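Step one of this worksheet: look at the structure below.
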Amino acid sequence: MTINQLYLFIIFLITGGIIGILFDIFRILRKSFRYKDYIIDIQDVIFWILTASILLYSSFIFNDGEIRMFMILSSVLGFIIYLFTLSKLFIKINVKIILIIKKFIVKTTEILLIPIKKLFFKPFTFFVINIKKTIKSFKLSKNKKSKNKNNKKEGI
């Protein structure tokens, strides 16, 4: 009987550590990307749904759905142990990895967009510049004609 309880205690210590990792995944996402407040609220709800699911799944698989107080305390203890030992390292490594991936994606996108910019935007800007010049010259010639008419009316 006590061996079974020790087994459950260790299982739920590990479950608490898994919940800690899940918690850190959401923290990493928040550090790496900017979110609006309502998205953070949705993430919190998702975290608690996943946490409850993990705890219920573990209790059904390892203890036939029976929940005991020492299992809950063991999960909390596993969570706390994870937070004070591995959490900072886990977050630091994963934030750096995500930032490297973000930089890689941005640079790759910039490189891939170079031909598109040259093929589509250069002719477009050339076209826009020529239209602006034509409109400007049309306005200037129109202004010269109106000045000439005004000068002829005044007798100059």
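The values are calculated or read from the model by the stated rules, or taken from the named source; none is laboratory data. The structure displayed is predicted, hence computed values, not measured ones. Cβ coordinates were reconstructed from backbone atoms using ideal geometry, including for glycine residues, and neighbour counts include every protein chain displayed.
The residues in the stretch 7-23 that are crowded, with 19+ Cβ neighbours inside 10 Å and either more than 27 Å from ARG68 (Cβ to Cβ) or hydroxyl-bearing (Ser, Thr, Tyr) (or both) can be counted, and the count is 1.
In the stretch 70-102, which residues are surrounded by 12 or more Cβ atoms within 10 Å (Cβ to Cβ) and aromatic (Phe, Trp, Tyr)? Selection gives PHE70, PHE79, TYR82, PHE90. Could you look through the stretch 1-39, keep only residues that are among the charged types (D, E, K, R) and closer than 15 Å to LEU89 by Cα, and pick out the one that is modelled with the highest pLDDT? Ranking the qualifying residues of the stretch 1-39, first place goes to ASP24. Within the stretch 32-69, being aromatic (Phe, Trp, Tyr), within 17 Å of the chain's Cα centre (by Cα) and surrounded by 12 or more Cβ atoms within 10 Å (Cβ to Cβ) holds for TYR35, PHE47. Tallying residues that are assigned to a helix (DSSP H, G or I) and either of a type in the set (Asp, Glu) or without any contact (Cβ under 8 Å) to a residue 40 or more places away in the chain (or both) within the stretch 49-68 yields 11.
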